[in-house]
């Protein structure tokens, strides 16, 4: 029993757990729509896009959350500008800004005296360094994200299936898309201290992708994703404590391992089911019509 409780006895460990759980819920809610809309690359780019804002805040001694918010706005404006002012597609604009913003962030951080430590904390997080004030800010951001997700559920659902139909239904797809970008930015801003700007992508896509393998409706997918994200945080912190590994990285790794585990198990079950279906007629032979249906040889 001590193996389960020891990682969460001290105050900073409990704050790490709470911060990780809040991040998991936010990322799972937003990540569900990223996975459904095939926007995972955008999510990855956005995660890196807030780096210069956080870096500048660290160098100037300002609020990293404010810096990240400013960088997120610049990222969205840049994507919109390139997309509208040129014939280039949105993914090209995302790719350009993805590299440019991350490089700018590293350049800014290199101006700091504590270059290595600051860069590591920003990129890979410091879940054990989450403060009480940081938790308050994170909780406030989480409330905004969840409320937006509830209000925008129907427009986002329509947009995920067809932008044209969403427009016909009066769902205002462009505004909905913009608000989804705001939700992505908010989730990243609210999670970067716990898991870093790079590793937050693991919580943003891992749990929803796994949930998509085992559910068929959006509400269930979102709920399962949140549960898997929360479980990943708990398991990640426990493994980090007992194995002496980096807490943020271990938390981000667990949902990825979980995804491939579920994928392999699912593929194995489907293969076994396929072999069983093919084997049934051969076993029943020519007398399959007695007490069985005509197609599968299964009892009526």
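A short reminder: the numbers here are calculations on the coordinates, not readings from a lab. Keep in mind that this is a model prediction, so the values were computed, not measured. As a convention, Cβ positions derive from the backbone with ideal geometry for all residues, glycine included, and neighbour counts pool all protein chains shown.
Would you kindly work out the equivalent ellipsoid of the range 163-237 from its C-alpha gyration tensor and give its semi-axes, the square roots of five times the eigenvalues, largest first in whole Å?
27, 18, 8
Kindly rank 59-68, 30-39 from highest to lowest mean number of other beta carbons found within 10 Å of each residue. Display every interim value, and only then the final one.
On the way: 59-68: 16.8, 30-39: 22.9.
Highest mean packing first, the order is 30-39, 59-68.
What FRET efficiency would be calculated for the residue pair residue 111, residue 165, taking the C-beta separation as r and a Förster radius of 51 Å, to the nearest 0.05?
Once rounded, the FRET efficiency stands at 0.55.
Starting from 0.36 nm per residue, how many nanometres of slack lie between residue 103 and residue 41 once their C-alpha separation is accounted for?
Full extension from residue 103 to residue 41 adds 20.6 nm.
Of the peptides 152-163, 40-51, how do they stack up when ordered by the mean number of other Cβ atoms within 10 Å, highest first? Don't skip to the end; give the middle numbers.
Working: 152-163: 17.2, 40-51: 23.3.
My ranking of the peptides, most packed first, is 40-51, 152-163.
Expressed as a whole percent, how much of the Cα-Cα distance distribution for the chain exceeds 26 Å?
51 percent
Calculate the spin-label point distance for residue 267 paired with residue 151, positioning each point 7 Å from the Cα along the beta-carbon direction, and give it in nanometres.
4.3 nm
For the range 1-123, just say rounded, prolate or oblate: build the C-alpha gyration tensor, square-root its eigenvalues into a ≥ b ≥ c, call rounded for a/c under 1.5, and beyond that prolate if a/b exceeds b/c, oblate if not.
oblate
Restricting to DSSP H runs of at least four residues, report the calculated mean residue ellipticity at 222 nm for the chain, -39500 (n - 2.57) per run over all residues, nearest 500 deg cm²/dmol.
-27500 deg cm²/dmol
Counting other beta carbons within 10 Å of each Cβ, put 145, 218 in order, fewest first. Walk me through the numbers before you get to the answer.
Values: 145 24, 218 17.
Neighbour counts put them in this order, fewest first: 218, 145.
Students often check this: by mean Cβ neighbours within 10 Å, which of 266-274, 219-227, 196-204, 242-250 ranks highest, and how do the rest follow? Display every interim value, and only then the final one.
On the way: 266-274: 10.3, 219-227: 19.3, 196-204: 27.2, 242-250: 17.4.
Descending mean neighbour count gives 196-204, 219-227, 242-250, 266-274.
Under 4 °C and 1.567 mPa s, how fast does the range 79-212 diffuse according to Stokes-Einstein, given a Kirkwood radius computed over C-alpha pairs? Answer in µm²/s, whole number.
75 µm²/s
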